[in-house]
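Reviewing the structure listed below.
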Amino acid sequence: MHYQGALVTQSGTLIILLLGVLAVFFYAAKQRALNAAGGASGIRTLHSLPRYYGAYAVLWAAIPALVALLAWGFFQDPIVTKLVVSHLPPQQKSLSEAELSLVINDIRNLAAGDRSLDAVSSQIALAAEHYKNLHATAVAAKFVVILALAVVGGLFAWSRVSPRLQARNRVENIIRGVLILCSVIAIFTTIGIVLSVLFESIRFFEYIPFTEFLFGTHWNPSTNSFGAIPIFTGTLMISVIALLIAVPVGLMSAVYLSEYASNHFRAWAKPLLEILAGIPTVVYGFFAALTVAPFFANLGHSLGWDISPESALAAGVVMGIMIIPFVSSLSDDVINAVPQAMRDASYGMGATKSETIMKVILPAALPGIVGSVLLAASRAIGETMIVVMAAGLAANLTANPFEAVTTVTVQIVTALVGDQEFDSPKTLVAFALGLVLFAVTLVLNIFALHVVRKYREQYD
Amino acid sequence: MNQAVEFEEMEHEIVGTVGTPLVDNPKMSTRNVDVFYGDKQAIFDVNLDLSANEVIALIGPSGCGKSTYLRCLNRMNDTIDICRVTGQLLLDEEDIYDKSMDPVLLRARVGMVFQKPNPFPKSIYDNVAYGPKLHGLASNRAELDEIVVTSLQKAGLFNEVKDRLDALGTGLSGGQQQRLCIARTIAVSPEVILMDEPASALDPIATAVIEELIDELRENFTIAIVTHSMQQAARVSQRTAYFHLGKLVEVGETNQIFTNPSHQLTENYITGRFG
Amino acid sequence: MSETTQAVKKSLSRRYRKEKIFRATGMAAILVGLSFVVILFVNIISKGYPAFEQTYIKLPIHFDEQTIDPQGERDPEVLRRADYMGLVKESLREAFPDVKGRSDKRDLYNLVSKGAGYDLADRVLADPALIGQTQELWLLADDEIDTFVKGHVTHSETIPLAGNPVVTDNDGQLRITGDAVVMDSLQNSLRDLVPVEMADEEETVMLPDDGPSVLLELQGGLVRITAYDPEGVTGKVVSPLKPDATDAGWNLVLHETPEAERRVKDKTIFWVRTLESRGLVEKHFNTVFFTSGDSREPEQSGIAGALAGSMLTLIVTLLLSFPIGVGAAIYLEEFAPRNRWTDLIEVNINNLAAVPSIVFGLLGLAVFISFFGLPRSAPLVGGLVLTLMTLPTIIIASRAALKSVPPSIKEAALGVGASKMQAMFHHVLPLALPGMLTGTIIGMAQALGETAPLLMIGMVAFIVDIPQGFTDNATVLPVQIFLWADSPERAFVERTSAAIMVLLGFLIGMNALAVFLRKKFERKW
């Protein structure tokens, strides 16, 4: 789109200009400090090195400017759009949100020079002109305000340069503030997730009651039935199948690698197993859909069983393969954490290796192993691509792994990747499902990490 | 001549063990034992017998190899990859390093108590019952109960824990834990018990209890105890063996060793010139 | 022997058996896990490597001035829009002059990919002097032909026959007979190829219509055998015979898959085989795969667009997540006081590392696209979402790197009067940098393979052009794989697998780089 291209070059120019301003102020402030010190020999009389004075000025110029730049970037379009809409004739303002957004799109496209919309009403053409003008004004204002802020800030800082000014401290405080900001982004992310998912879910629950969603057994979005129980059971079944594969294989692999294997064997076997964790899930999904599912379907056919080409079995098996390293790596860690003294005591009494492992080490490591299984389960529940590509779309309340079921993540994807408008319950249900998913995996993760940590404390 | 040079001269004088390393009808007997960790030799040509139903103390400065030697007697050194043992070690005239000797069986006959108490994170009952269950020494629950109770009694712990046999073994005090480990070891009815500094992690009162226990156990078991404390060796053992830098310097009746040692190195150690 | 010894000896053999079984189970588990890795790789590679070659057909193309530029002005717009496929069609007609009828001709034209037209247009635009010339050019074959040439359509066998057959026409049905040499050769070959048994030497055997195609190539034409008996064979004409053709040899051909079950018909195969016999069919390296964006036609589609999208997205992710992640790690590790707030931040980061990726997609959709109105399907938004996902990984790895620097270094710096921040930035950070880089590379590798969150923010569209900027519509390689995986054509299956190979290649390379860096800069404090 022409708009986006223009946006980039404009921003590019602005940034270059801004950088120029900052460079000027750096040298100016640094020079001023040097002058105050009477040349390079007198630097000792300054509180900080001259370059800190330069940095001080740069920060005072840059930070207000950058904040303004970000604000413009995020808020310019919404504000301009709101202004244009407020000037639309009443009949258009009262359109439904979905139709209004279509109109806004038309206006934007027309303003951007898209000539394919020749046959539009005069109001839209007017609005587009309006939009173009407002946009141009906003861009011009952006340049002026940002550069002005930079210059004013820089001047202010420059004027305060003196030998007594504790430039380095100021600069370091600002840097510290930036670092705190970085750390806090993690909290913002969590808050963002919770709020956004919650907000949209609440909108969903205005259409469909909470209890019907959580406890209903009939799921068919096209008929506005949103009982999610079949979805939950589908997720559960596939996850259980996955764990049935991953836990034995992962645990026994961990046992062998940590207790029986030579260092040499362990050195190459462990990384090779880890490869399974690094393969993108879309690859697993492809493998599941094109190789594993037909394999099971054909196997069933030849044995006289009816195995669906989208069986929970196929998706569950492939997901299990993916999760093996989760179980084996974490179990390996916890098994190694069991103190050698335990093993000595057991061997000293004449136990064989397998007896020591089964009766002493594994029971001692059990909390940690349980933690790793929980984390693996959480991973299985939240997995998307394998099930989107290999599991079914239709909700099916069953305990038969040969049938096709659907999961929470599949329904989230189908709800949002379709062509529905953003406001219908068919789309909003994705957020309600996302809320459940987030809550469940959060609880599992917290619990698992808690268990593992308590277990570690026992032995440290 | 100053002390250091004296010591060096004496180094060269360890030729053969002084005293009474060998006995008639030993329970365990070791001849020409060398132990290597990789290329480094830790034990040099040790000849020593353990007499039945005696307590023999192994003493010597840190790092002199007493624990290493002890661990040869029940093949615990097998668990260390780079450790190599040569020589002849016999239990009741059977070569314990022979291919036909099963280490599992050996360790059922020669038990070990470690320096730091290491009870399993199981109940007191399960800790003691672990060995008998493993080896199938009890054919039913009643027999197992009996073994557990008897072992705890012999270890002098029963009265303190009889009401809470289901409690976690790791919840006991240090001294109690060590007695639990001893109970665990004797539950298998071994013939020999090896103790590697069993009281060094305990307070004096708990230590005294353990020492008393060792004396009682002597009735039924042959005990070899490595100890840092000469006083403990004096209190507890009938014979004492002095190790120095991997060599067995002198063995003799405990009284004699501590009052009138034959070798100069032994005397130096006992009188505290080095340790 | 004591009681204990007796009891223990009894239990030994059972216990050692258990030991063996247990140990074997452990080894088996590892083998199972490793075999999964092997199966996966073998499966993908075997499906994907044929995609790196593409079938091309050599045809003489006459760049006819009338068709391309009737006005003679050499206007680029005119040159671009000329009917180049018409030139291709003409060349095909000349190669097979006997092809008549609308549907047959359409099948003939389908030998060559529709993309060949664009190729010719590009050549003419680059060098208008071509107009009026005739050149022999390698043109991209249609994906069905490519699939056939790679042997995925059907299994075929060809047996050259001896002698000169005699062909007679019985009301549209052809009868092929001959002397003893001919008949011997024919009968033996038929027996070898055709699974139908001759019940009786005297009987006529009918070949089922819905069975494998048994054909005779002779006299420049193709006959489908419908029946055979000891005297000869009966058949239907598939491609007309030219009795005065000078080709002396004739072949018996079997196509195992029945014609009704395949998309490439016997006639088309015959044309391809004819071209092959003239040396006009070759497989060349599939450059289209690496230079084109997505397309409806498999033979014209490639991963260039997806690769560009991935690179742009990764750049955004790297530029954002590395500074923020390192900054957060520095603060949390060195400057933060130990209080409830920092504990909360830590718990948060650990939890975020385990949140399902699709939830981040929901966040991106709700906040970046709906609320802030950023363009859907743009690398900028994709990069923002992936940044939030990768931050925990980078923070955790960077903190570990910082922790591993001995405190003595920091203390030494403080001892000569550096401020805490100077000690950090001048001394500790450079030493921790390799570890941070390693963690970042691993984080980027994870981000490269992510699909679900990018689906949420709209990167599912069918993007043909190669994106140039951060706000252009784009897709990424994993999403491209996802989109192609839905297409049933064999050629798309090949390309999906090949794209997976490219993706895995990048991932292996990045992880290898991280391991290499880690080994190289590993210091033993």
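The values are calculated or read from the model by the stated rules, or taken from the named source; none is laboratory data. None of these values were measured; they are calculated from a predicted model. Here Cβ is always computed from backbone atoms with ideal geometry, including for glycine, and neighbour counts include all displayed protein chains.
Could you list all residues from segment A:285-311 that are farther than 22 Å from residue C:481 by Cα and either touching a Ser or Thr at 6+ places or on another chain (Cβ under 9 Å) or within 14 Å of chain C (Cβ to nearest Cβ) (or both)? A:296, A:297, A:300 - these are the residues of segment A:285-311 that are farther than 22 Å from residue C:481 by Cα and either touching a Ser or Thr at 6+ places or on another chain (Cβ under 9 Å) or within 14 Å of chain C (Cβ to nearest Cβ) (or both). The listed residues are C:306, C:354, C:366, and the only one of them that is closer than 30 Å to residue A:431 by Cβ, within 14 Å of another protein chain (Cβ to nearest Cβ), among the aliphatic types (A, V, I, L, M) and part of a loop (DSSP other than H, G, I, E, B) turns out to be C:354. Return the residue satisfying two criteria in turn: it lies in segment B:190-205 and is crowded, with 24+ Cβ neighbours inside 10 Å and in a loop (DSSP other than H, G, I, E, B), and of such residues it is nearest to the other protein chains (Cβ to nearest Cβ). Checking each candidate, the answer is B:190.
Filtering segment B:66-105 to residues that are in a loop (DSSP other than H, G, I, E, B) and more than 17 Å from the chain's Cα centre (by Cα) leaves B:80, B:81, B:82, B:92, B:93, B:97, B:98, B:99, B:100, B:101, B:102.
Can you tell which of A:277, A:246, A:261 is surrounded by fewer than 16 Cβ atoms within 10 Å (Cβ to Cβ) and farther than 30 Å from residue C:490 by Cβ?
Working: A:246 fails: surrounded by fewer than 16 Cβ atoms within 10 Å (Cβ to Cβ); A:261 fails: surrounded by fewer than 16 Cβ atoms within 10 Å (Cβ to Cβ).
When all the criteria are applied, what remains is A:277.
In segment C:5-13 there is at least one residue matching the filter, namely being part of a helix (DSSP H, G or I), under 30 Å from residue B:110 (Cβ atoms), facing chain A (nearest Cβ under 8 Å) and modelled with pLDDT under 95. Take the residues in segment C:371-391 that are at the interface with chain A (Cβ under 7 Å from one of its Cβ atoms) and part of a helix (DSSP H, G or I), then tell me which one is nearest to residue C:476 (Cα to Cα). Out of the qualifying residues, it is C:388.
Would you be able to say whether some residue in segment C:338-348 is in the same structural domain as residue C:464 (by TED's automatic domain parsing) and under 30 Å from residue C:519 (Cβ atoms)? Walk me through it before giving the result.
Going through segment C:338-348, the residues in the same structural domain as residue C:464 (by TED's automatic domain parsing) turn out to be C:338-348.
In the following step, the residues that additionally are under 30 Å from residue C:519 (Cβ atoms) were identified as C:346.
Yes, some residue in segment C:338-348 is in the same structural domain as residue C:464 (by TED's automatic domain parsing) and under 30 Å from residue C:519 (Cβ atoms).
Filtering segment A:243-259 down to residues that are hydroxyl-bearing (Ser, Thr, Tyr) and at the interface with another protein chain (Cβ under 8 Å from one of its Cβ atoms), which residue is farthest from residue A:338 (Cα to Cα)? Once the filter is applied, the top-ranked residue is A:253.
Applying the criterion of being part of a helix (DSSP H, G or I) and not hydrophobic (A, V, I, L, M, F, W, C) to the residues of segment C:392-409, the residue that is nearest to the other protein chains (Cβ to nearest Cβ) is C:392.
Residue by residue, here is whether (1) aromatic (Phe, Trp, Tyr); (2) within 14 Å of chain A (Cβ to nearest Cβ); (3) touching a Lys or Arg at 6+ places or on another chain (Cβ under 7 Å); (4) buried (at least 16 other Cβ atoms within 10 Å of the Cβ) holds:
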{"site": "C:16", "(1), (2), (3), (4)": "yes, yes, no, no"}
{"site": "C:44", "(1), (2), (3), (4)": "no, yes, no, yes"}
{"site": "C:48", "(1), (2), (3), (4)": "no, yes, no, yes"}
{"site": "C:77", "(1), (2), (3), (4)": "no, no, no, no"}
{"site": "C:83", "(1), (2), (3), (4)": "no, no, no, no"}
{"site": "C:93", "(1), (2), (3), (4)": "no, no, no, no"}
{"site": "C:105", "(1), (2), (3), (4)": "no, no, no, no"}
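Yes/no per residue for (1) closer than 24 Å to residue C:386 by Cβ; (2) among the acidic types (Asp, Glu):
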{"residue": "C:299", "(1), (2)": "no, yes"}
{"residue": "C:318", "(1), (2)": "yes, no"}
{"residue": "C:324", "(1), (2)": "yes, no"}
{"residue": "C:331", "(1), (2)": "yes, no"}
{"residue": "C:342", "(1), (2)": "no, no"}
{"residue": "C:347", "(1), (2)": "yes, no"}
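Only one of the numbered conditions (1) away from every other protein chain (no Cβ under 11 Å); (2) buried (at least 24 other Cβ atoms within 10 Å of the Cβ) is not met by residue A:384, and that is (1). Here residue A:171 passes the criteria (1) closer than 30 Å to residue A:49 by Cβ; (2) over 28 Å from the mean Cα position of the chain (by Cα); (3) surrounded by fewer than 15 Cβ atoms within 10 Å (Cβ to Cβ) except the one numbered (3). Annotation note: Cβ proximity below 7 Å between a residue of segment C:96-116 that is closer than 16 Å to residue C:85 by Cα and a residue that is outside any helix (DSSP H, G or I) and among the aromatic types (Phe, Trp, Tyr) (sequence gap 6+ or interchain) occurs for C:108/C:96. Taken together, the residues in segment A:220-230 that are crowded, with 16+ Cβ neighbours inside 10 Å and either at pLDDT below 90 or more than 29 Å from the chain's Cα centre (by Cα) (or both) amount to 4.
Looking only at residues of segment A:188-197 that are of a type outside the set (Gly, Ala, Ser) and surrounded by 15 or more Cβ atoms within 10 Å (Cβ to Cβ), we find that the one that is farthest from the other protein chains (Cβ to nearest Cβ) is A:194. Checked against the criterion of being over 21 Å from residue C:115 (Cβ atoms), surrounded by 14 or more Cβ atoms within 10 Å (Cβ to Cβ), at the interface with another protein chain (Cβ under 7 Å from one of its Cβ atoms) and of a type outside the set (Lys, Arg), segment C:68-75 has no qualifying residue. Checked against (1) without any contact (Cβ under 8 Å) to a residue 40 or more places away in the chain; (2) buried (at least 17 other Cβ atoms within 10 Å of the Cβ), residue C:166 meets all criteria but (2). Looking at segment A:231-243 only, could you name the residues that are crowded, with 22+ Cβ neighbours inside 10 Å, farther than 13 Å from residue A:395 by Cβ and either in contact with a Leu (Cβ under 7 Å, 6 or more places away or on another chain) or not polar (S, T, N, Q) (or both)? Correct list: A:238, A:241, A:242.
Here is a check on your reading of the model: is residue C:279 more than 14 Å from chain A (Cβ to nearest Cβ), farther than 17 Å from residue A:187 by Cα, surrounded by 19 or more Cβ atoms within 10 Å (Cβ to Cβ) and modelled with pLDDT of 90 or more? The answer is no for residue C:279. Does residue C:461 satisfy the criteria of being buried (at least 24 other Cβ atoms within 10 Å of the Cβ), within 27 Å of residue C:48 (Cβ to Cβ) and more than 17 Å from the chain's Cα centre (by Cα)? Criteria not met by residue C:461. Against the conditions (1) touching a Lys or Arg at 6+ places or on another chain (Cβ under 7 Å); (2) facing chain A (nearest Cβ under 9 Å), residue B:121 satisfies every one except (1).
Conditions (1) among the aromatic types (Phe, Trp, Tyr); (2) in a loop (DSSP other than H, G, I, E, B); (3) at pLDDT below 90, marked per residue:
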position: B:111; (1), (2), (3): no, no, no
position: B:120; (1), (2), (3): yes, yes, no
position: B:130; (1), (2), (3): yes, no, no
position: B:133; (1), (2), (3): no, no, no
position: B:149; (1), (2), (3): no, no, no
position: B:159; (1), (2), (3): no, no, no
position: B:176; (1), (2), (3): no, no, no
position: B:180; (1), (2), (3): no, no, no
position: B:184; (1), (2), (3): no, no, no
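Among residues that are farther than 19 Å from residue B:232 by Cβ and either in contact with an Asp or Glu (Cβ under 7 Å, 6 or more places away or on another chain) or within 14 Å of chain A (Cβ to nearest Cβ) (or both), residue B:173 is not included. The number of residues in segment B:133-147 being within 11 Å of chain C (Cβ to nearest Cβ) and exposed (fewer than 12 other Cβ atoms within 10 Å of the Cβ) comes to 1.
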